[in-house]
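Where a number appears in this text, it was derived from the coordinates with a stated rule and is not lab data. Just so it is clear, the structure is predicted and the values come from calculations on it, not from any experiment. Positions of Cβ are generated from backbone atoms using ideal geometry, with glycine treated the same way; all protein chains shown enter the neighbour counts.
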Amino acid sequence: MKPLSVVVTSICDIFAWFIVVFGVYVINNGHSTPGGGFQGGAITATFLSFVLVAYGGSHFKQWVREGVYGLLEFVGLVAFFIFGCLGFPNSFFYNSLAIAYGATPLSEWIPYCGTISLMNVAVGFEVVGALSIVVITMYESIHMVSTGEGMGGERGHDRFNR
């Protein structure tokens, strides 16, 4: 893939960061407004697709590190499990943090202190990581097929034999 015109890359430079900010907003406010971790994570992961389409494959491969997104996915999954286990004396997904601070001066901050909002953030991390890995894998697969590396032989199967 080659970069698109200067107009498209300039629009990407301006608006791509708004996509990330809006995705983070949806993740952060998903416990009290429509949206949540999954929706915000999907919006935020769209940023990577936007960069790929606007700048092309060579810039994309220089800029993207797949290990970062794998780590983000792992951290999101582990954090979600840990936040789910916080309410174990009662039940698995018990909103223990909001209940514990319910009768204190922090009661106006309960939506932000609760386990539900922390779980939204964890799900957002996991979805950003997973969908970004999907975009990266799709790009690498298309690149392998278009260059002939994926057409028989052993070179095309190296990625899948790890």
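Among 64-72, 123-131, 35-43, the peptide with the highest mean count of other Cβ atoms within 10 Å heads the list, and the full ranking is 123-131, 35-43, 64-72. Computed with the Debye formula from one identical point scatterer per Cα of segment 15-102, without solvent, the log10 of I(q)/I(0) at q = 0.19, 0.24 Å⁻¹ comes to -0.98, -1.22. With a simple spin-label model that places each label point 7 Å from the Cα along the Cα-to-Cβ direction, the separation between residue 90 and residue 62 comes to 5.3 nm. Given R₀ = 35 Å, FRET efficiency for residue 147-residue 18 by Cβ-Cβ distance, to 0.05? Calculated value: 0.55. With both labels modelled 7 Å from their Cα along Cα-to-Cβ, the residue 138 to residue 6 distance reads 3.1 nm. Entry note: segment 32-79 has Rg to Rh equal to 1.07, where both radii use alpha-carbon atoms and Rh is the Kirkwood radius.
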